[in-house]
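The values are calculated or read from the model by the stated rules, or taken from the named source; none is laboratory data. None of the values given here were measured: they were computed from a predicted structure. Quick reminder, even Gly has a Cβ in these numbers, built from the backbone with ideal geometry, and neighbours come from all protein chains shown. Accessible surface areas use protein heavy atoms only, side chains included; no ligands, DNA or RNA. Shrake-Rupley method; radii C 1.70, N 1.55, O 1.52, S 1.80 Å.
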Amino acid sequence: MSKSELTLSPVETVACCSPLVREPLSAHRAEGVAPLLKALADPVRLRLVSIVAASEGGEACVCDLNDAFDLSQPTISHHLKVLHDAGLLERSKRGVWVYYAVRREVLADLAALIGGDA
């Protein structure tokens with residue numbers, strides 16, 4: 001298998017891409033980055049990332065996140081799972097509660113990809 005055929009996760013793909021303002025993304029790289037952007041494209045998920053990132057200590061308990069929305073706990077958990085599976089959030093279980101933290105390096109890589117050195 002050649003290096004160009006290696007399968008990278010969306011997080012790895014965005015980390016290795018040049019900013020959009022420097023060179024166009026290949027079709028392969030665009031397909032690799034799209035899952036991260038799709039995960040953020042939902043208003044609830046975008047708010048969840050924002051709330052977690054802005055929380056004291058950079059993490060938030062799922063119990064606190066439920067109170068920020070007029071949605072059921074299973075719906076919030078689904079959105080958090082999508083964000084975690086995309087590589088945007090880390091999670092750790094403490095007792096009966098799950099705590100989430102934003103993977104800031106992934107957000108920084110996304111920002112660099114989109115904003116570049118304009």
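Numbers below:
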read-out	value
Residues being charged (D, E, K, R) and loosely packed, with under 12 Cβ neighbours inside 10 Å - total across segment 56-79	3
Selection within segment 80-110 - surrounded by 12 or more Cβ atoms within 10 Å (Cβ to Cβ), out of contact with any strand residue (DSSP E or B) (no Cβ under 6 Å at 6 or more places or on another chain) and among the small types (Gly, Ala, Ser)	86, 87, 108
Check on residue 22, touching a residue at least 12 places away in the same chain (Cβ under 8 Å) and basic (Lys, Arg)	yes
Subset of segment 1-10 (residues that are at pLDDT below 65 and open to solvent by 80 Å² or more (accessible area, probe 1.4 Å))	1, 3, 4, 5, 6
Every pair of residues 6+ apart whose Cβ atoms lie under 9 Å, when the first sits in segment 84-99 and is free of Cβ contacts under 8 Å to residues at least 40 places away in the same chain and more than 13 Å from residue 58 (Cα to Cα) while the second is in a strand (DSSP E or B) and basic (Lys, Arg)	84/91; 98/91
Residues of segment 42-59 satisfying the condition of being in contact with a helix residue (DSSP H, G or I) (Cβ under 8 Å, 6 or more places away or on another chain) and not basic (Lys, Arg)	42, 44, 46, 48, 49, 51, 52, 53, 55, 58, 59
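Listed here are the residues, each with its yes/no results for (1) within 13 Å of the chain's Cα centre (by Cα); (2) over 30 Å from residue 70 (Cα atoms); (3) at pLDDT below 65.
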{"residue": "12", "(1), (2), (3)": "yes, yes, no"}
{"residue": "18", "(1), (2), (3)": "no, yes, yes"}
{"residue": "21", "(1), (2), (3)": "no, yes, no"}
{"residue": "28", "(1), (2), (3)": "no, yes, no"}
{"residue": "41", "(1), (2), (3)": "yes, no, no"}
{"residue": "46", "(1), (2), (3)": "yes, no, no"}
